[in-house]
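The values are calculated or read from the model by the stated rules, or taken from the named source; none is laboratory data. The shown structure was predicted, so the numbers you read here are calculated from the model rather than taken from an experiment. So basically every Cβ, Gly included, is an ideal-geometry build from the backbone, and we count neighbours across all protein chains shown. We work out accessible area using only protein heavy atoms, side chains counted, and drop any ligands, DNA or RNA first. Shrake-Rupley method; radii C 1.70, N 1.55, O 1.52, S 1.80 Å.
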2 protein chains.
Amino acid sequence: MAYKQAILIRNDLKLPKGKMAAQASHASVEAVLRSDKDKVKAWRSEGMAKIALKIESEKELYRHLQEAKDLGLTTSTITDAGKTVVAPGTVTCGAIGPDEEGEIDKVISELKLM
Amino acid sequence: MAYKQAILIRNDLKLPKGKMAAQASHASVEAVLRSDKDKVKAWRSEGMAKIALKIESEKELYRHLQEAKDLGLTTSTITDAGKTVVAPGTVTCGAIGPDEEGEIDKVISELKLM
């Protein structure tokens, strides 16, 4: 069984790359900590496959995360404290899984790589 | 007690931002999974403070990670499979902690934000 995690990042916010890396890491870690431990173990043993995908609006981000939840997948949603780059409370990114590749792909098939 | 995690990213590789986000997430998750569960819990409850920092060479990355290990801090080191952007086996980034802010700062004080 191949496992992967998808990280959905708002491209419309034009985050600086360091900020984007930190926000993506937030999303990734939070989804891992919420996930089934056996799935995390299997995913880790396979090399922790991850893909970073572009999202063009807050609405689009929420829509994809809701689709993932509807499939029973574990998600995270990251809101930035907004001290520096974005307004307080801005939703910057989210992650789905790790879970079975086929399940993750159902939600992200139309998205482009960041 | 304030906890944070530092993510050290090679700036000299000029990684595309999506690749950088995925590699940073790798480093962050791996260090979290290796860390003391109580420290992770405390860090998570505080909002998972994270900073992404610039490193200008593989040698500099290893030096900082070794300094962290010498202080007894948990680290991760990420090597890319190199199928796309960088040569196979390229070390791209690493993470330190989560751990007490003061301990992390001993290792990263001279580094600049990515």
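Some points to look at:
- Paramagnetic label reach from residue B:101 (point 7 Å along Cα→Cβ; backbone nitrogen cut-off under 16 Å): within region B:31-69, residues B:42-52.
- Centroid-to-centroid separation of region B:46-114 and region A:58-89 [C-alpha atoms, Å]: 26
- Accessible surface of region B:8-114, 1.4 Å probe, proportion on carbon and sulfur as whole %: 49
- Residues in region B:20-50 that, when all protein chains are in place, have 50 Å² or more less accessible area than the chain alone would give (probe 1.4 Å): B:21, B:25, B:26, B:29, B:33, B:44, B:48, B:50
- Computed over protein heavy atoms with a 1.4 Å probe, the accessible surface of chain A works out to 46 Å² per residue.
- Residue B:90 long-range amide H proximity, modeled H, under 5 Å: B:80
- Dividing the summed -39500 (n - 2.57) terms of all DSSP H runs of n ≥ 4 by the residue count of chain B sets its mean residue ellipticity at 222 nm at -13000 deg cm²/dmol.
- Between B and A, roughly 2100 Å² of accessible area is buried in total, ligands, DNA and RNA not counted and the probe set to 1.4 Å.
- Taking the C-alpha atoms of the protein assembly as shown, convex hull volume expressed per residue in Å³: 118
- Between B:51, B:66, B:108, the Cα set farthest toward the positive side of the dipole of chain B (charges on each charged residue's Cβ, about the Cα centre) is that of B:51.
- Computed over the alpha-carbon pairs of region A:3-108, the distance histogram in 5 Å steps reads 2, 14, 26, 25, 17, 10, 5, 1 percent, short to long.
- Rounded FRET efficiency, nearest 0.05, which uses the C-beta distance separating residue A:36 from residue B:77 and R0 of 30 Å: 0.70
- Net charge dipole, the protein assembly as shown: roughly 360 debye, given to the nearest 20, about the Cα centre with Cβ charges of +1 for Lys and Arg and -1 for Asp and Glu.
- Sparsely packed loop sites in region A:36-105 (the GluC sites (Glu not before Pro) outside DSSP H, G, I, E and B with at most 14 other Cβ atoms within 10 Å) comprise A:46, A:56.
- A simple rule links phi to the HN-Hα coupling: the Karplus curve 6.51 cos²θ - 1.76 cosθ + 1.60 with θ = phi - 60°, which for region B:97-114 gives x, x, 7, 4, 3, x, 6, 4, 4, 4, 8, 10, 4, 8, 8, 9, 5, 6 Hz, with x for Gly and Pro.
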